[in-house]
Amino acid sequence: MTLSAAGLTTLVVAALAVVAISPFILIALLVNDLRKKSSW
Amino acid sequence: MHPQGDHDNRFLRWTRLSLLVTGMLALVAGPAQALELRVVDDGHTAGYVTLAWENDGDVELQQRDGNGAWRTVYRGADSATTLSGLDDGEFAWRARPAVAGNVTTNTPWGKALNVEIAHHPLQRALGFFAVGAVMFVILLACIALPWRVSGQPAAGGQP
Amino acid sequence: MNADAVLSTPVAVVIVAIFSVFWVALGWWLGRANRSLEDYMLAGRHVGLGLATATAMATWVTSNTTMTAPQLAYQLGIWGMVGYSLGAVGLLLFAPLAKRIRELMPHGYTSGDFIRVRYGRFAWRVFLLISLFYALGWLVSLAMAGGLLVEALSGIPYAWGMTVIVVTCTLYTVFGGLRAVIGTDFVQTLIILAGLALLAGLVIVEVGFEPVHRQLAEERPGLLNLLLPASLMFLFNNLLFGVGEIFHSNVWWSRAFAFGEGVGFRAYLLAGLMWLPVPIVAGFIALAAPALGVNVPSPDMVAPLVAGHLMGEAGAILVFIVVFAALASSLDSLLAATSDLLLNDIYRGHLRPDAGEAELRRAAAWIIIALGALAWALAMPRLGTLAALLHLTGAFVASTIWPIVFGLRWGRGSGAGAASAMILGTVCGLVAYNVIGFYVAALVSAAVSLVVTTVTFQLSRKRFMFSELAATRATGP
């Protein structure tokens with residue numbers, strides 16, 4: 001049973017999309033916390 | 001998450017050590033020109049192996065799969081390489097000093113190093129897989145099922 | 001001579017200097033608001049979702065995630081990197097526990113507090129032994145990994161690289177406590193994620209999926225095999241190892257206490273989901289090596305080699321900064337959480353039960369310094385055997401999973417039962433490690449511990465009152 005090129009592409013693109021978007025989610029969450037003054 | 005690193009290094013330390021010692025002895029005894037290969041990371045049950053050698057300049061490394069023909073897998077100045085994704089079977093490697101670039105030289109090949117790649121039987125692998133899977137399901141059930149309200153004495157207590 | 005040192009030493013020295021000063025300054029600045037012991041140890045107990053998610057993620061991304069995930073991809077193929085990414089399961093499953101822990105023990109400080117109140121002093125001591133052995137093993141191995149990686153990447157001598165990393169992390173943790181750890185973790189997470197995304201993106205643009213796959217199928221078909229036996233065997237062992245690490249370690253419990261009300265569950269869940277793809281992205285970088293014609297003398301260096309090949313010096317600098325951030329974000333958390341355990345469970349629990357707040361606050365700083373110094377002293381001789389100790393800890397930590405999970409969920413069970421589950425699990429795991437192999441140590445340990453915990457919970461007549469946990473801090477040890 002072998003992973004196809006399409007399978008590899010899907011796996012990596014999905015993973016990369018999450019990794020690339022994560023910093024923006026984290027910054028948005030932090031900004032939200034700071035606005036609510038609930039950071040510390 | 002950290003602990004998965006270098007399992008096989010440790011697992012096969014003794015094999016590696018004995019190979020290293022043999023390799024060093026051979027290096028002292030053998031002709032100065034011939035390149036001696038040694039295994040520094042033996043993953044023969046997982047289909048990978050790291051080979052190393054002593055060299056001053058460029059080397060050419062060839063691989064033979066079963067009784068097939070020799071095929072060049074590396075040419076350059078490094079003194080080690082990792083082969084991986086190997087199927088079950090007998091593999092052999094040999095190396096010799098090579099002039100930089102693609103010019104083939106006439107220096108003699110060193111002694112061939114043979115490694116038998118033998119993956120774990122699939123059945124054994126699936127056995128461990130199953131035990132792990134059962135425990136994972138129990139764990140998942142213990143954690144995902146609704147939790148009691150805190151502060152209450154726990155009734156029932158059926159694990 | 002292998003082309004390991006991919007970055008010139010002067011450039012590396014400048015990077016290390018800039019980042020060290022930056023982390024210490026940031027830690028000091030973040031810690032200036034600390035007033036009480038609770039501020040120092042637990043960041044005031046109301047860390048928000050953004051910082052909470054980032055700190056859980058960054059701590060779980062160690063230097064091994066950025067170096068070993070590519071190595072496993074290169075050695076064991078697709079399952080190597082996907083299996084490694086299942087380490088995220090530990091974070092995901094801890095999410096409901098974090099919620100439960102904070103509700104049950106709103107005033108708790110450490111994982112030791114829970115075991116002591118729930119199972120009594122004997123089980124507590126067994127647990128502390130396991131916990132401290134693991135923490136010290138991880139600390140020393142991180143310090144050693146730091147020295148080795150910096151040397152391999154840049155040529156800076158081992159002793160210097162290791163010393164700078166340990167001293168930097170110790171300094172900002174002492175200055176700022178958990179606030180400094182969490183604040184720096186946030187920045188470090190951004191660096192790690194952006195660096196990895198950039199590298200993987202570059203591999204896709206420069207090489208593309210089709211050539212990577214074609215070269216693998218041609219040269220190394222085993223790496224694309226979905227039924228590679230060795231990888232199947234590692235899978236659940238690794239998963240349980242990770243779960244054992246997270247469930248017992250005070251690194252994760254102290255965060256459960258520090259996160260604001262209602263934050264823990266979402267933070268751990270999000271962190272797990274964000275961590276899951278990281279090893280896959282890092283691993284893919286390694287899979288491009290054959291297509292790029294990059295020779296790999298030492299598989300743990302495959303990521304920097306590919307980066308250096310694609311981007312030259314800039315790639316090497318990028319990997320160096322990512323690795324440095326990954327190391328620091330784990331080392332600082334471990335220093336803070338382990339010193340909390342030493343302060344709360346050893347200093348206050350065993351040596352000075354009547355210590356006041358001011359004394360504890362002073363002791364906390366000294367314990368962090370002592371712990372940093374101990375890790376430095378143990379890492380200095382560069383003994384490979386010490387780093388190998390960490391691999392044994394799989395047997396130790398996996399034995400704690402069931403006493404913790406059952407103990408949080410049900411009222412039955414006894415101290416003797418929990419202690420024997422941990423001891424028997426560990427012993428059997430160690431035996432399996434030596435007789436069968438490393439890849440079953442955590443699995444066997446967890447299985448034995450599960451049987452013992454289940455039996456002792458069934459037999460016990462005792463009913464634990466969970467309300468006892470709520471008063472943890474008021475009564476003290």
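Here, each number is a calculation from the coordinates, and none is a lab measurement. Only a predicted model underlies this, so the values are computations on that prediction, with no experimental measurement involved. We place every Cβ from the backbone using ideal geometry, glycine too, and count neighbours over all the protein chains shown.
Rounded to the nearest 20 Debye, what is the dipole magnitude of segment C:97-166 about its Cα centre when Lys and Arg each give +1 and Asp and Glu each give -1 at the C-beta? Provide the component values of the computation, followed by the final result.
Details: 7 positive and 3 negative charges, 107 e Å.
About 520 debye.
Please give the average number of partner chain Cβ atoms lying within 10 Å of the Cβ of each residue in B:118-129, rounded to a whole number. The partial results should precede the final answer.
Values: counts 0, 7, 8, 1, 4, 1, 3, 10, 4, 2, 12, 8.
Average neighbour count from other chains, rounded to a whole number: 5.
What distance in nm separates the simple spin-label points at B:A144 and C:A17, each placed 7 Å from Cα in the Cβ direction?
Here the answer is 5.4 nm between the modelled labels.
What number, in percent, do you get for the relative contact order of segment C:9-382 if the mean sequence gap of Cα pairs under 8 Å and at least 6 apart is divided by its residue count?
Values: 576 pairs, mean separation 144.1, N = 374.
Rounded, it is 39 percent for segment C:9-382.
What FRET efficiency would be calculated for the residue pair C:R32, A:K36, taking the C-beta separation as r and a Förster radius of 25 Å, to the nearest 0.05?
0.70
What whole-number value in cubic angstrom gives the convex hull volume per residue for the C-alpha atoms of segment C:9-382? Let's see the in-between values first.
Values: hull volume 47.6 nm³, N = 374.
Normalising the Cα hull of segment C:9-382 by residue number yields 127 Å³.
B:D87 to C:A358: FRET efficiency via 1/(1 + (r/R0)^6), r the Cβ-Cβ distance, R0 60 Å, to the nearest 0.05? Please list the in-between numbers first.
Working: r = 67 Å, r/R0 = 1.11.
Efficiency, from the Cβ-Cβ distance: 0.35.
For the protein assembly as shown, what is the mean residue ellipticity at 222 nm derived from helices alone (per DSSP H run of n ≥ 4: -39500 (n - 2.57); sum divided by total residues; nearest 500 deg cm²/dmol)?
On the way: 28 runs with 449 residues, N = 676.
Using -39500 (n - 2.57) per qualifying helix, the result is -22000 deg cm²/dmol.
Among DSSP beta bridges whose residues both lie in the protein assembly as shown, state the antiparallel percentage, nearest 5. Could the numbers behind the result be given before it?
Numbers: 28 of 29 bridges.
Once the DSSP bridges in the protein assembly as shown are tallied, antiparallel ones form about 95 percent.
Considering the dipole of the protein assembly as shown built from charges on the beta carbon (Lys and Arg +1, Asp and Glu -1) around the Cα centre, which of C:A373, C:Y40, B:A80 is farthest to its positive end?
Farthest along the dipole direction, towards plus: C:Y40.
Please find the FRET efficiency linking C:E218 to B:A118, where r is the Cβ-Cβ separation and R0 is fixed at 25 Å, and quote it to the nearest 0.05.
Numbers: r = 23 Å, r/R0 = 0.91.
Rounded to the nearest 0.05, the efficiency is 0.65.
Ordered by packing density, taken as the mean number of other Cβ atoms within 10 Å over each peptide's residues, highest first, how do C:217-225, C:462-470 rank?
Working: C:217-225: 19.2, C:462-470: 16.4.
Result, highest mean Cβ count within 10 Å first: C:217-225, C:462-470.
Tell me, how many Å apart are the Cα centres for segment C:1-72 and for segment C:118-163?
15 Å
What whole-number distance in Å separates the alpha-carbon centres of segment B:48-78 and segment C:247-308?
Spelled out, the Cα-based centre of one part sits 33 Å from the other.
Using a simple charge model, +1 on the beta-carbon of Lys and Arg, -1 on the beta-carbon of Asp and Glu, nothing else, what dipole does the protein assembly as shown show about its Cα centre, in debye to the nearest 20? The partial results should precede the final answer.
On the way: 41 positive and 38 negative charges, 536 e Å.
Using only the charged Cβ atoms, the result is roughly 2580 debye.
For the modelled label position 7 Å from the Cα of C:R121 along Cα-to-Cβ, which residues of segment C:395-430 have backbone nitrogen atoms closer than 16 Å?
C:415-416
How large is the convex hull of the C-alpha atoms of chain A per residue, in Å³?
Numbers: hull volume 2.7 nm³, N = 40.
So the per-residue hull volume is 67 Å³.
How far is the Cα center of segment C:180-242 from the Cα center of segment B:107-124, in Å?
Computed from Cα coordinates, the inter-centre distance equals 27 Å.
Taking the Cα centre of segment C:9-382 as origin, work out the dipole magnitude from +1 charges on Lys and Arg Cβ and -1 charges on Asp and Glu Cβ, in debye rounded to 20.
On the way: 20 positive and 20 negative charges, 199 e Å.
With only Lys, Arg, Asp and Glu charged at Cβ, the dipole is about 960 debye.
Taking the simple approach of a point 7 Å from Cα along Cα-to-Cβ for both B:L126 and C:A416, what is their distance in nm?
Taking the simple label geometry, B:L126 and C:A416 are separated by 4.4 nm.
For C:H107 and C:V167 in one chain, what is 0.36 nm times their gap in residues minus the Cα-Cα distance, to one decimal in nm? Don't jump to the answer; show the numbers that get you there.
Values: separation 60, 0.36 × 60 = 21.60 nm, distance 3.14 nm.
In short, 18.5 nm is gained.
Arrange the following residues from fewest to most other Cβ atoms within 10 Å of their Cβ: B:K111, A:K36.
Ascending number of Cβ neighbours within 10 Å: A:K36, B:K111.
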